[in-house]
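All remarks here apply to the structure that follows.
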Amino acid sequence: MKTSKHIETNVLHAGIEPDPSTGAIMTPIFQTSTYVQSAPGEHKGYEYARTQNPTRDVLQKNIAALEQMKYGLCFSTGMGAVDACIKLLSPGDEVIATNDLYGGSYRIFTTIFAKMGINFHFVDMSDPENVRAKVNDKTKMVWVETPTNPLLRIIDIEAVSTISHEANAIVVVDSL
Ligand SMILES: Cc1ncc(COP(=O)(O)O)c(C=O)c1O
């Protein structure tokens, strides 16, 4: 896709091509689960909906254009995204998370992932220095929520990211 210096133009066009089978300008909602392959492994970029889906592709490209990033990934629920992020980690890795966060995230961290050897520390991130105080060489991820749920605290993403990136930790911002 050609990109413009205007984000509105990029977002309007991101990923959208007229549908080749009908000419529909806007991407149809594809509900197909399985796609025909002309030979095993030979297909038009789509084989099974869990891995690729044309409607989701456009949505993801639009999210990327909105965020002015290369890639966007969409999940059917917020908890699906939370789960996928933590699965980037390995047993023994540590996460520093805000101490005020969505109950579902807190529960999946402490009751599921803690059992798998991921260690969580919860700190008040309204002062980013509390993150610096906890960072160590096992810190692989820093989990920000802003505004926090439920207390609507605001976390300075840039300040927390600077501290976390110095330690080579991935920063996640859950801003649902
Ligand atoms: C901050 C935050 N993260 C994650 C979730 C989970 O999203 P979902 O209910 O789509 O799984 C919520 C839901 O309210 C949320 O507020």
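Of the trypsin sites (Lys or Arg not before Pro) found in segment 83-119, those in coil by DSSP whose Cβ has at most 16 other Cβ atoms within 10 Å are Lys87. Taking each residue as 0.36 nm, the span from Leu151 to Met26 lengthens on full extension beyond its C-alpha to C-alpha distance by 41.0 nm. Computed across segment 78-174, the Kirkwood radius stands at 13.1 Å (inverse of mean 1/r, all Cα pairs).
A crude spin-label estimate for the pair Tyr35 and Ile108, with each label 7 Å from Cα along the Cβ direction, gives 2.7 nm. Of Lys115/Lys140; Lys61/Lys134; Lys115/Lys138, which sit over 28 Å apart, Cα to Cα? Exceeds cut-off: Lys61/Lys134. The fewest-to-most ranking of His121, His6, His165 by surrounding Cβ atoms within 10 Å reads His6, His165, His121. With Cα atoms defining each centre, segment 1-68 and segment 119-162 are spaced 35 Å apart in the structure. The value given for the chain is a Kirkwood hydrodynamic radius of 18.7 Å, derived from the mean inverse Cα-Cα separation. Counting only Cβ charges, +1 for Lys and Arg and -1 for Asp and Glu, the dipole size of the chain around its Cα centre is about 380 debye.
Values quoted throughout were computed directly from the atomic coordinates according to the rules given, and no laboratory measurement underlies them. Quick caveat, the model's predicted, so the values are computed rather than measured. Please note: Cβ atoms are built from the backbone with ideal geometry, for glycine as well, and neighbour counts cover all protein chains shown.
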